[in-house]
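Below is one structure, written out as structure tokens; comments come after it.
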Amino acid sequence: MTADRRISIGGITDKPVHWHCASDPVEAEAVHPVQMVHLHVGAEEDHDGKSFRIIHLDMIGAELMVYREVITPASHGRARHD
């Protein structure tokens, strides 16, 4: 995965907070752990005109990593068969 979004705040410079996979329609984002109660594997969300399905949640240090699969309009609501 390649970092495509970084932040610089309060003594932290160029910290990666969002990644995307070049070979699969998967993205990852570091979020505050308090959001864990609002995020559920399998839930679908819309952001910036795209639809996503949460496929995995993982605590890494003090950050909650949210892994999302991009859902194309043709596959929206259907199970993937790979």
TODO: Determine the distance separating the Cα centre of the stretch 16-35 from the Cα centre of the stretch 56-73; give it in Å without decimals.
DONE: 6
Task: FRET E, pair Asp58, Thr2, Förster distance 22 Å, beta-carbon r, rounded to 0.05 - done: 0.75
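What is the packing order of peptides 61-69, 35-43, taking the mean over residues of other C-beta atoms within 10 Å and listing the highest first? Kindly include the intermediate steps, with their values, before the conclusion.
Values: 61-69: 16.1, 35-43: 10.1.
Peptide ranking by packing, descending: 61-69, 35-43.
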TODO: Take the chain, connect every pair of alpha-carbon atoms lying under 10 Å apart with a spring to form a Gaussian network, then pick out the residue of His47, His32, His20 with the largest mean-square fluctuation.
DONE: His47
TODO: Work out the FRET efficiency for Glu45 and Thr13 from their Cβ-Cβ distance, taking R0 = 22 Å, and round it to the nearest 0.05.
DONE: 0.15
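In whole percent, and with a 1.4 Å probe on the protein chains, what portion of the accessible area of the chain is carbon and sulfur?
Details: 3120 of 5650 Å².
The C+S portion of the solvent-accessible surface of the chain is 55 percent.
Between Met65 and His32, what length comes free when the chain is fully extended (0.36 nm per residue of separation minus the Cα-Cα distance, one decimal in nm)?
Details: separation 33, 0.36 × 33 = 11.88 nm, distance 0.87 nm.
Working it through step by step, the gained length comes to 11.0 nm.
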TODO: In whole Hz, with x marking every Gly and Pro, tabulate ³J(HN,Hα) for the stretch 18-31 from phi via Karplus 6.51 cos²θ - 1.76 cosθ + 1.60, θ = phi - 60°.
DONE: 8, 10, 9, 9, 6, 9, 10, x, 10, 10, 10, 9, 8, 10
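The values are calculated or read from the model by the stated rules, or taken from the named source; none is laboratory data. Here the structure is a predicted model, which means the values were calculated and not measured. Counting neighbours? That spans all protein chains shown, and the Cβs are built from the backbone with ideal geometry, glycine included. SASA here: full protein model, heavy atoms, side chains in, ligands and nucleic acids out. Shrake-Rupley method; radii C 1.70, N 1.55, O 1.52, S 1.80 Å.
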